[in-house]
1. Keeping the other protein chains in place, figure out the carbon and sulfur percent of the accessible area of the chain, with a 1.4 Å probe.
2. With +1 on the Cβ of every Lys and Arg and -1 on the Cβ of every Asp and Glu, and nothing else charged, how large is the dipole of the chain about its Cα centre, in debye rounded to the nearest 20?
3. Given the rule -39500 (n - 2.57) for each run of at least 4 DSSP H residues, summed and divided by the residues of the chain, what is its mean residue ellipticity at 222 nm, to the nearest 500 deg cm²/dmol?
4. Need the list of aspartates and glutamates near Lys65 for cross-linking: C-alpha distance under 15 angstrom, and skip anything on the same chain fewer than eight residues off.
5. By its C-alpha gyration tensor, with a ≥ b ≥ c as the square roots of the eigenvalues, how is segment 32-71 shaped: rounded for a/c under 1.5, else prolate for a/b larger than b/c, else oblate?
6. So what's the angle, to the nearest 10 degrees on a 0 to 90 scale, between helix 53-66 and the longest Cα principal axis of the chain?
7. Using the Cα atoms of segment 4-46, I'd like the radius of gyration and the largest Cα-Cα distance, Dmax, both in angstrom.
8. As I understand it, the dipole of the chain uses +1 on the Cβ of Lys and Arg and -1 on the Cβ of Asp and Glu, about the Cα centre. Which of Gln51, Ile12, Pro24 lies farthest toward its positive end?
Amino acid sequence: MDKDSFSYVIYIIHACADRWNTTPSKVYEAMKKSGCLDKYLVPYYDLLHTQSTDYVVHDIGEYLKAREVAV
């Protein structure tokens, strides 16, 4: 993971935590458990960073829901 994608992942974790009224550590654990980090956010960084934060947060919520991982 390069510096830009790392910074983006941190930003999105905090955006999700803010939206879902939880802590970044809980969001990180859910993303890690579901594979969201390694199978979605990092590999698709080039595409995702061009989308709005609202879109990405919503999409991650759907990703977690589909994998039955609660935050």
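1. Details: 2370 of 4680 Å².
Its accessible area is 51 percent carbon and sulfur atoms.
2. Values: 8 positive and 10 negative charges, 54 e Å.
For this selection, approximately 260 debye.
3. Details: 4 runs with 46 residues, N = 71.
Taken over the chain, the calculation gives -20000 deg cm²/dmol.
4. Glu29
5. Working: a/c = 2.92, a/b = 1.40, b/c = 2.08.
In terms of gyration-tensor shape, oblate.
6. 50
7. Just the Cα atoms of segment 4-46 yield Rg and Dmax of 9.8, 27 Å.
8. Looking along the dipole axis, the top candidate is Pro24.
The values are calculated or read from the model by the stated rules, or taken from the named source; none is laboratory data. Just so we're clear, the structure is a prediction, and the values are computed from it rather than from any experiment. FYI the Cβ positions are ideal-geometry reconstructions off the backbone, even for glycines, and counts take in every protein chain you see. To get the accessible areas, we keep the full protein, side chains included, count just its heavy atoms, and leave off ligands, DNA and RNA. Shrake-Rupley method; radii C 1.70, N 1.55, O 1.52, S 1.80 Å.
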